[in-house]
Amino acid sequence: MANELFQCEVLTPDGRVFSGQVREVTLPAHDGQMGVLVNHAPMVCELGYGLLQLWTGEGTQERRYIEGGFVQIVPDRTVILTRSALRTEEVTRESALRLLEEAKGIQGTDEVSARLRGEIEANAQARLRIAGGAV
């Protein structure tokens, strides 16, 4: 059983959120949900907004809402670098609605404003999926 485990680290600018042996990781890649098991092919991938799930060697599940970043995968280790990794119970419908209002307040029509508005809206929509509400 031990050979089915691999090391996983979840790091944010505020510090290490998780470090331990896991048997499976699912994460929101920029283009869809992705699963990682031991001996996964090496890769680096951009992350999106959404649910990160870690199944530990002790049989517990860790669930976090992550906000973009990158993941590095090698056969015996996965490192997730993200702006934020909130416990799912910390993600509320109210916080998502506030983000939608913030996005609506961005008035520019230039490329930078449009991209920023799109990022904030994507974050808000992913938060709504976690919090169990739709607009």
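For every residue, the table says whether it meets (1) in contact (Cβ under 8 Å) with a residue 24 or more places away in the chain; (2) surrounded by 14 or more Cβ atoms within 10 Å (Cβ to Cβ).
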| position | (1), (2) |
| --- | --- |
| ARG83 | yes, yes |
| LEU86 | no, yes |
| GLU90 | yes, no |
| GLU101 | no, no |
| GLN107 | no, no |
| VAL112 | no, no |
| GLY118 | no, no |
| ILE130 | yes, yes |
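Sort out which residues of region 107-125 are modelled with pLDDT under 90 and not hydroxyl-bearing (Ser, Thr, Tyr), and write them in order of number. It would help to see each step written out before you state the result.
Looking only at region 107-125, we keep the residues that are modelled with pLDDT under 90, and these are 107-109.
If the condition is that a residue be modelled with pLDDT under 90 and not hydroxyl-bearing (Ser, Thr, Tyr), then GLN107, GLY108 are the ones that fit.
Hey, among VAL38, VAL74, which residue is in the same structural domain as THR12 (by TED's automatic domain parsing), free of Cβ contacts under 8 Å to residues at least 60 places away in the same chain and touching a helix residue (DSSP H, G or I) at 6+ places or on another chain (Cβ under 9 Å)? Spell out how you get there, then give the answer.
Details: VAL74 fails: touching a helix residue (DSSP H, G or I) at 6+ places or on another chain (Cβ under 9 Å).
One residue alone meets the criteria, VAL38.
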Checklist entry - For residues in region 30-54 being under 12 Å from the mean Cα position of the chain (by Cα) and surrounded by fewer than 12 Cβ atoms within 10 Å (Cβ to Cβ), which is nearest to PHE18 (Cα to Cα)? => result GLU46
Checklist outcome for this item: Selection from region 20-56 of residues under 19 Å from THR88 (Cβ atoms) and polar (S, T, N, Q) yields THR26, GLN33, GLN53, THR56
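Among what's in region 72-92 and is closer than 14 Å to GLU24 by Cα and in a strand (DSSP E or B), pick the residue that is nearest to the chain's Cα centre (by Cα).
So the first thing to find is which residues in region 72-92 are closer than 14 Å to GLU24 by Cα, and the list is 73-80.
With in a strand (DSSP E or B) added as a condition, the list becomes 73-74, 77-80.
Values: ILE73: 15, VAL74: 18, ARG77: 17, THR78: 13, VAL79: 12, ILE80: 8 Å.
That would be ILE80.
The values are calculated or read from the model by the stated rules, or taken from the named source; none is laboratory data. Remember, it's a predicted structure, so these values are computed and weren't measured experimentally. Glycine gets a Cβ as well: all are built from the backbone with ideal geometry, and neighbour counts include every protein chain shown.
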